[in-house]
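Below is one structure, written out as C-alpha cells, with a few remarks after it.
The values are calculated or read from the model by the stated rules, or taken from the named source; none is laboratory data. Quick caveat, the model's predicted, so the values are computed rather than measured. We place every Cβ from the backbone using ideal geometry, glycine too, and count neighbours over all the protein chains shown. Note: areas computed on protein heavy atoms with side chains; ligands, DNA, RNA excluded. Shrake-Rupley method; radii C 1.70, N 1.55, O 1.52, S 1.80 Å.
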Amino acid sequence: MGNEVKEYGVDILLAPGMNIMRNPRCGRNYEYFSEDPVLAGKMAAAYIRGIQSQGIGVSLKHFAVNNQETYRNGIDVRISEQALREIYLRGFEIAVKESKPWTIMSSYNKINGILASENRWLLKDLLRDEWGYDGFVMTDWWAEENGARQIGAGNDMLMPGTQRQLREILDGIKAGIIQESDLDWCVENILRVLVKTHVFKGYPYSNQPDLKANAQVAREIAAEGMVLLENNGVLPLKKGKRIALLGVDSYDALVGGSGSGHVNRAYEVSVYEGLLNAGFRLDEEQSKIYTDYVEAEKAKQNREFFWVVPTIDELAVSQEQAEQLAQHNDLCLLTIGRMAGEGDDRRLEKGDYYLSDLEMQNLQHLCTAFHAKKKSVVVLLSMGSFVEMSSWKHLPDAILQTWLPGQEEGNAITDVLTGKVNPSGKLPFTIAARYEDYPSASNFPSSNRNPAEVEYKEGIFVGYRHFDHANITPTYPFGYGLSYTTFAYSGLKANVEGENIVVNITVKNTGKHSGKESVQLYISKSDYKELKAFAKTRLLKPGESQVLTMTVSRQDLASWDSATHRWTRNDGAYTFLIGASAADIRQQTNINIQ
C-alpha cells in the first residue's frame, strides 16, 4: 500500500482506522482490527511501520471512541475513565508509541459531553504530553465545529476547513480565546511532517507502482487471514470434483466495504473465476443462470464508490432444483455475502445480521439434497463482520470466513479451499450464540432515553472479557480458527528479566499437512483474562516444531485506577495462559511479580 501511494503521488494515507469492535453491527468494523485493544494496537502499529517505511505518512483514526456510524457526527459517548483508558485508548497508545504515525485524525463524536475535536485533554494533555506524540492532528472531514475551539484543543489542521471556521479563528484571537502563538504551533507541527514528504523532496512520481507484485501480496494476505470455522473433513477439496457453485456473491465479488476504506482496484476475481482458474469443473448451466442474472442486476445499479451499495437479491433454490444439482455434481459451494461501510450501521434483521428466509431456505434445501446423496456442502462467508450462525452452523459440512479479501478474492479463496494455503487465520472478535449475549446489545447504537447519547455500561467487559466474566459460551470464541492440520503446545516457560517477562512456548505440527499456528498469550489475576501478546509460527511441516517467544512488560500488567487517576499494578501471582483461542487454553503457569 505504501508503494502504491508513493508512486501515485500521495504523501499521507488517511488510514488505518483502529476503533474497537464494540458491537458486531458497526458498519465500519470491516476497516477495524479487533474487539481487543492489544490486538488492534499491535496490528495498527505494524500497518503504520510498513506504510511509513516507504516515506509515506498515515493518519491514525478516529481518535477516539468512534465505534459506530449512527449519529457519528455528535453521539455523546458516556464512558468510565477505566474503560476509556484500558479499552478504547490503549490501542491508540500502542500504535503511537510503537510506530510514530505522522498524523492523527480526531473523531466526530463527543466523549462525556465534549467533542473529541474540541477536547484539549485528549489531543494535548494525553496525546502530546503523556504519550509524547510529535506529529500533527487533523479533524475528520467536515467536522464543522467551532474553529477556534478546535485549534485551541490541539487540532493543527481543520479538514477541509470552511470560511466560517476561519472567521471563528480570527474572532477567537481577538477575544483572547486562542493566541496567535497557537496558530504558529499548529504550523510548526504541520511543517515538521511536510519536510519528510516526497513532494517536499521533489520525488519523481512514476504513476506506475508494481501492481502485479502487489496483487500477489494481496492474494497471499487474503488467504493468510481467512478463518476456517467448521470442517468435517471435506476440505481441502480434491481436484476433479464437479462443483455446483451457488449464491449471487460467488459471481459478484465483494472485495471490500464502502466509504473511505473502499478498495480501488484494477480488476477483481470472483469465486467463480477463481475456481475456473484453478481448473475445477463447474456446473456451467447453473453458473450461467447466475452470471446472466448478476450482469443484468449490476447494469441497473448506480455503484458509487463511497456509499453502501446493497448486494444483489439472492436467487431462490427450490428443493427440486437442489436435488437436480445434487444428482449431477459432487459438491455444493454456497457463498453468503454482506456489504457494510461508512455512514450506516448494520441492521438487526433478517437479510443483514440474520440470514434471510430465502437464504435459510436455500441452505436447508441444498444440505438436505446433497447429504441425501452423501455429498457435501461448503459455505463461504463473504463479509467484513459476520451473521448469526448458531441456528444453522450445524447444516453445512464446512464454513470458511473469507472476509472482504480484495481484488484477488476468488484466487485467494480457491488457494485455501484446495489446500494450497492451509488456513491459519483466527477470529479477532467473539461470535456470540445470541445477539443479546453481547454486553452492548441493549445500548447500541444509543441509549433508549436519548438517541444522541450512548452509555458504555459494560465498562471494560468488551468482547471475550465479558463472555469470560459472565460465563457465557459463544458460538465461536475470540482467537478461534481451525486448520487442516493439528498442533501440540509444550514446554511453557515464563521468566522475569528486569522490566520484562519473557514467555517461550514450543509448537509442534502433529498432523499430516504443513501449516501455521497463531498462538495467544493471555494473563489473568482475577476472574477474567486479557490478551497481552500473540505470535505466529512459520510454515511447519508435519512433525516440525518451533519455539515462539513473546515478551510483555511489567507495565502491561497494570490496570487503571479511576480513584487515583493513574496506572497501578498489584504485586503477586499472575497466571500466564497460552491458547489456541480464548476458550482453548493449552498451557498455563503462575508467575510471582514483585
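Yes or no: the range 149-156 includes at least one residue that is over 20 Å from residue 116 (Cβ atoms) and either buried (at least 23 other Cβ atoms within 10 Å of the Cβ) or among the charged types (D, E, K, R) (or both). No; the residues of the range 149-156 include none that is over 20 Å from residue 116 (Cβ atoms) and either buried (at least 23 other Cβ atoms within 10 Å of the Cβ) or among the charged types (D, E, K, R) (or both). Could you tell me whether the range 261-278 includes any residue that is surrounded by fewer than 19 Cβ atoms within 10 Å (Cβ to Cβ), within 30 Å of residue 72 (Cβ to Cβ), acidic (Asp, Glu) and in contact (Cβ under 8 Å) with a residue 40 or more places away in the chain? Among the residues of the range 261-278, at least one is surrounded by fewer than 19 Cβ atoms within 10 Å (Cβ to Cβ), within 30 Å of residue 72 (Cβ to Cβ), acidic (Asp, Glu) and in contact (Cβ under 8 Å) with a residue 40 or more places away in the chain, which makes the answer yes.
Summed over the range 564-594, the residues that are farther than 21 Å from residue 469 by Cβ and over 30 Å from the mean Cα position of the chain (by Cα) give a count of 8. Which ones in the range 361-378 are touching a residue at least 60 places away in the same chain (Cβ under 8 Å) and part of a strand (DSSP E or B)? Listed by number, the residues that qualify are 376, 378.
The residues on offer are 480, 489, 528, 522, and the sole one that is among the hydroxyl-bearing types (Ser, Thr, Tyr), surrounded by 16 or more Cβ atoms within 10 Å (Cβ to Cβ) and more than 21 Å from residue 589 (Cα to Cα) is 480.
The set of residues from the range 229-242 being in a loop (DSSP other than H, G, I, E, B) and closer than 29 Å to residue 479 by Cα comprises 232, 233, 234, 235, 236, 237, 238.
Note on the range 569-594: among residues that are polar (S, T, N, Q) and modelled with pLDDT under 95, the one that is surrounded by the fewest Cβ atoms within 10 Å (Cβ to Cβ) is 594. The number of residues in the range 443-479 being in a loop (DSSP other than H, G, I, E, B), of a type in the set (Phe, Trp, Tyr) and over 21 Å from residue 85 (Cα atoms) comes to 1.
Counting only helices (runs of 4 or more DSSP H) that sit wholly inside the range 160-218, those with at least 3 residues that are free of Cβ contacts under 8 Å to residues at least 60 places away in the same chain and of a type in the set (Lys, Arg) are 163-175.
Testing residue 74 on (1) within 28 Å of residue 346 (Cβ to Cβ); (2) exposed (fewer than 15 other Cβ atoms within 10 Å of the Cβ); (3) free of Cβ contacts under 8 Å to residues at least 60 places away in the same chain, one condition comes back false. Which one is that? For residue 74, the failing item is (3).
Could you please let me know if residue 536 is modelled with pLDDT of 95 or more and not aromatic (Phe, Trp, Tyr)? Considered against the rule, which asks whether it is modelled with pLDDT of 95 or more and not aromatic (Phe, Trp, Tyr), residue 536 comes out as yes. Look at the range 543-557: where a residue is surrounded by 11 or more Cβ atoms within 10 Å (Cβ to Cβ) and a partner is among the hydrophobic types (A, V, I, L, M, F, W, C) and assigned to a helix (DSSP H, G or I), sitting 6+ places away or on another chain with Cβ atoms under 9 Å, you get 556/38. Within the range 7-49, the residues that satisfy the criterion of being open to solvent by 40 Å² or more (accessible area, probe 1.4 Å) and farther than 23 Å from residue 344 by Cα are 8, 10, 12, 42, 43, 46, 47, 49. Report whether or not residue 132 is part of a loop (DSSP other than H, G, I, E, B), open to solvent by 10 Å² or more (accessible area, probe 1.4 Å), more than 26 Å from residue 456 (Cα to Cα) and not hydroxyl-bearing (Ser, Thr, Tyr). For residue 132, the condition - part of a loop (DSSP other than H, G, I, E, B), open to solvent by 10 Å² or more (accessible area, probe 1.4 Å), more than 26 Å from residue 456 (Cα to Cα) and not hydroxyl-bearing (Ser, Thr, Tyr) - is met. In the set (1) open to solvent by 10 Å² or more (accessible area, probe 1.4 Å); (2) in contact with a Leu (Cβ under 9 Å, 6 or more places away or on another chain); (3) assigned to a helix (DSSP H, G or I); (4) closer than 19 Å to residue 218 by Cβ, residue 358 fails one condition alone, (4).
Among the residues of the range 165-184, those identified as open to solvent by 80 Å² or more (accessible area, probe 1.4 Å) and at pLDDT 95 or above are 166, 167, 170, 171, 174, 179, 180, 184.
Candidates are the residues of the range 492-518 that are in contact (Cβ under 8 Å) with a residue 24 or more places away in the chain and outside any strand (DSSP E or B); the one that is most open to solvent (accessible area, probe 1.4 Å) is 512. Checked against the criterion of being free of Cβ contacts under 8 Å to residues at least 12 places away in the same chain and either charged (D, E, K, R) or in a loop (DSSP other than H, G, I, E, B) (or both), the range 243-255 contains not a single residue that satisfies it.
Residue check: residue 397 meets all listed conditions (1) of a type outside the set (A, V, I, L, M, F, W, C); (2) in contact with a helix residue (DSSP H, G or I) (Cβ under 6 Å, 6 or more places away or on another chain); (3) farther than 17 Å from residue 274 by Cα; (4) surrounded by fewer than 24 Cβ atoms within 10 Å (Cβ to Cβ) but one, namely (2). Report, by residue number, each residue of the range 312-335 that is at pLDDT 95 or above, out of contact with any strand residue (DSSP E or B) (no Cβ under 6 Å at 6 or more places or on another chain) and open to solvent by less than 50 Å² (accessible area, probe 1.4 Å). The answer is 314, 315, 317, 318, 322, 326.
Annotation: residue 410 fulfils all but one of (1) within 21 Å of the chain's Cα centre (by Cα); (2) in a loop (DSSP other than H, G, I, E, B); the unmet one is (2). Within the range 291-311, can one find any residue that is without any contact (Cβ under 8 Å) to a residue 12 or more places away in the chain, loosely packed, with under 15 Cβ neighbours inside 10 Å and among the polar types (S, T, N, Q)? Looking through the range 291-311, at least one residue is without any contact (Cβ under 8 Å) to a residue 12 or more places away in the chain, loosely packed, with under 15 Cβ neighbours inside 10 Å and among the polar types (S, T, N, Q).
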